[in-house]
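Each remark here refers to the structure printed beneath this line.
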Amino acid sequence: MPDNQSRDHLNVVRKITATLQGPVVAALAELVPEVRALPRRTALDTILDDVDLLNRCFMAFRTNTDQFRHLLVDRHKVTVEDADALLECGRSLDDVIAMVVRTAAKRHFRLRLDGSTKPRKRKAPNSRRGLFAKLRSLVTRHHPRTTSGPLTQGEILYNAFQEYLLHDWQVPIIPEYVQMNPGMVRRLGERLLEYRLPEDIRRLRSDPDNPPPPTPVVSDAQTSGFQVAPTAPAPLPVSVTGSERVSDGMARIEINRPSADKDERARLSEILTPDGKRLQAKAFANALLDPKVREVIPNAANAISVTGKLGIVSASVGKKLVGDLALRVDQLAVFLMSANAALGDENFEKAFGVPGRPEYVAKIVQRAQAANLGQASTNRQIADFITRLFAAAAQKTG
């Protein structure tokens, strides 16, 4: 690489590293409690060493992109709208994401296969050390080796994978990747990117000579850049598919309430993200400060966590609750967070997130309508209804 290109490359890496270690970590600290508890000097290293934490950070970014908009600008300080547009650093958001994913994967491969996230020491004159050097080699997909000696098992696997470590949706399946054979990775090539779920990778490993078809993914949720990559919904612990059985348990839930004097339902223009795909977490900030709301919301003391969970919810769910039940903003928060407490974070996202399970949510709304739940209900009534709804369904399904 000529000297001027080398200098440009180093400048790009310095900018990216400084941004990740500084303003990106600072923004994540406001959204992810675990990051807030980390020493700022070592926070990025810790995140890159923990694929679960890194995945939560990516999710926080995807659901709160407004808090990162000031960083998503080009060299003219104009906000970019496409993930493949060049940022001020000279690389695109897609490039930076790929760099982070490759770094996390390489560390995980080393830890699991070599016993340490640190590279094995080799003779390498004038080698640079530290996080900067590690990220430097990962800004581009191709980079020369600067060390001598045999490759470790982790490095061999990483070299097979590196061309195909590109997307943040791959972070949760890195622990599955590490169990793959490098030869199989090379044989699959770009087809590897068709397998987006952990169970898909496990099926690949079980029959490497006959790769099974990948699980279909909803295409309209596969957006570039600023959206969370979809995952196929797994079965929920509370069944709503057997309407006869479930309705028996729910029919007894009846709410006596006065009629509303005026329509105060949430305004969709205020609660949806600009792209119209999710609820806008910050739209619920004032409601979550209301003591009457906080007293009925599970885990209300952790306002950041609650806000983040609301930001996961798909726009279709918000439209359904506002359109069919005429819920106010505060009632939406109570309804959704009560459902989250009943289902747990993972299943809540699978049902209420993107792409979610619209038919599942529709059945819940039908039960709410049958129970006379609506805008005139108190927040306590809403929370109690959701709690009893899932408890009755769980009892019916054993």
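The values are calculated or read from the model by the stated rules, or taken from the named source; none is laboratory data. This one's a predicted model, so the numbers in the text were calculated from it and none came from an experiment. Neighbour counts are summed over all protein chains in view; Cβ atoms, including those assigned to glycine, are modelled from backbone coordinates with ideal geometry. Each accessible area value is taken on the protein alone, full model and side chains, heavy atoms only, with ligands, DNA and RNA left out. Shrake-Rupley method; radii C 1.70, N 1.55, O 1.52, S 1.80 Å.
Residues in the stretch 357-374 that are open to solvent by 10 Å² or more (accessible area, probe 1.4 Å) and under 30 Å from Ala60 (Cα atoms): Arg357, Pro358, Glu359, Ala362, Lys363.
If a residue has to be outside any helix (DSSP H, G or I) and at pLDDT 85 or above to count, how many in the stretch 46-65 make the cut? Walk me through how you get there before you give the answer.
Filtering the stretch 46-65 down to residues outside any helix (DSSP H, G or I) leaves 50, 64.
Remaining after also requiring at pLDDT 85 or above: 50.
Summing the residues that are outside any helix (DSSP H, G or I) and at pLDDT 85 or above in the stretch 46-65 gives 1.
If you go through the stretch 170-195 and keep only what is farther than 16 Å from Arg102 by Cα and crowded, with 20+ Cβ neighbours inside 10 Å, you end up with just Tyr195. Considering the stretch 156-224, the qualifying helices (runs of 4 or more DSSP H), each wholly inside and each with 1 or more residues that are assigned by the TED database to the domain that holds Asp114, of a type in the set (Asp, Glu) and at pLDDT 90 or above, run over 174-177.
The set of residues in the stretch 315-338 that are surrounded by fewer than 23 Cβ atoms within 10 Å (Cβ to Cβ) and among the small types (Gly, Ala, Ser) comprises Ala315, Ser316, Gly323, Ala326, Ser338.
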